[in-house]
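Before any comments, here is the structure.
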Amino acid sequence: MRTLLIILSLSTLSWSALAQNNLQLEVKGLAGEKIDYKKIIKSKSDGVKEGAKILQQLYASSYLSASIDSTLIKKDKMILIVERGKPFEWIKLSSGNMDPKAEASIDLSSRLFLQKPFNPKQLADLYERTIRYYEDNGYPFVNVKLDSIEINTENQISAALHIEKNKFYK
């Protein structure tokens with residue numbers, strides 16, 4: 001019985017020691033944004049990882065210049081101060097040197113990229129549709145990239161698609 005009490009006491013002490021090592025994570029500079037992050041972390045390195053996840057979510061929400069401005073540690077709290085910057089938006093994405101037939105098939109319409117917030121996933125989806133079209137039409141080694149990229153002082157982006165078909169295969 002005495003051994004059981006000692007074991008229970010030690011486990012309670014070790015549990016409370018573990019709980020004391022946790023840090024509350026507070027993030028400042030996200031007012032109005034719905035960003036998901038852990039509120040309780042186990043270590044400073046976990047806080048750094050959460051900061052990276054926060055930045056990825058901000059980038060996906062058009063805040064391409066977002067950064068962690070500073071990090072503070074106070075007793076049982078880690079504070080991340082985020083600088084969001086201004087969101088980026090498309091002014092125009094043109095088809096560049098894309099074939100008109102490909103443009104129609106891929107559904108590259110200006111409505112997706114005209115005066116809309118920059119969305120990296122939407123651009124990646126466009127790349128995938130473009131690559132799939134050209135692969136299905138004899139160009140398995142096609143490259144797709146942005147060309148003539150311009151970003152003005154209002155964080156507005158204009159660019160053109162550039163297609164490198166490479167060798168044709170029947």
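The values are calculated or read from the model by the stated rules, or taken from the named source; none is laboratory data. Source: prediction; values computed, not measured. All Cβ positions, even for glycine, are placed from backbone atoms using ideal geometry, and neighbour counts span all protein chains on display. Side chains included, ligands, DNA and RNA excluded: accessible areas come from the protein's heavy atoms. Shrake-Rupley method; radii C 1.70, N 1.55, O 1.52, S 1.80 Å.
Any residue at all in region 104-113 that's open to solvent by 60 Å² or more (accessible area, probe 1.4 Å) and farther than 30 Å from K170 by Cβ?
Filtering region 104-113 for residues open to solvent by 60 Å² or more (accessible area, probe 1.4 Å) gives 104-105, 107, 110-111.
So of that shortlist, the ones also farther than 30 Å from K170 by Cβ come out as 110-111.
Checked region 104-113: at least one residue is open to solvent by 60 Å² or more (accessible area, probe 1.4 Å) and farther than 30 Å from K170 by Cβ.
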Residue within region 71-82 that is more than 23 Å from A31 (Cβ to Cβ), outside any helix (DSSP H, G or I) and either under 15 Å from the mean Cα position of the chain (by Cα) or modelled with pLDDT under 95 (or both) present: yes
Odd one out for K165 among (1) under 19 Å from D107 (Cα atoms); (2) under 25 Å from the mean Cα position of the chain (by Cα); (3) open to solvent by 30 Å² or more (accessible area, probe 1.4 Å): (2)
Qualifying positions in region 49-92 - open to solvent by 50 Å² or more (accessible area, probe 1.4 Å) and of a type in the set (S, T, N, Q): Q56, Q57, S61, S65, T71
Any hit, region 119-140, residues being open to solvent by less than 20 Å² (accessible area, probe 1.4 Å), farther than 20 Å from I157 by Cβ and of a type in the set (S, T, Y): yes
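Looking at E83, E103, which is the one that is acidic (D, E) and out of contact with any strand residue (DSSP E or B) (no Cβ under 8 Å at 6 or more places or on another chain)? Working first, answer last.
On the way: E83 fails: out of contact with any strand residue (DSSP E or B) (no Cβ under 8 Å at 6 or more places or on another chain).
E103 is the lone residue from the list that is acidic (D, E) and out of contact with any strand residue (DSSP E or B) (no Cβ under 8 Å at 6 or more places or on another chain).
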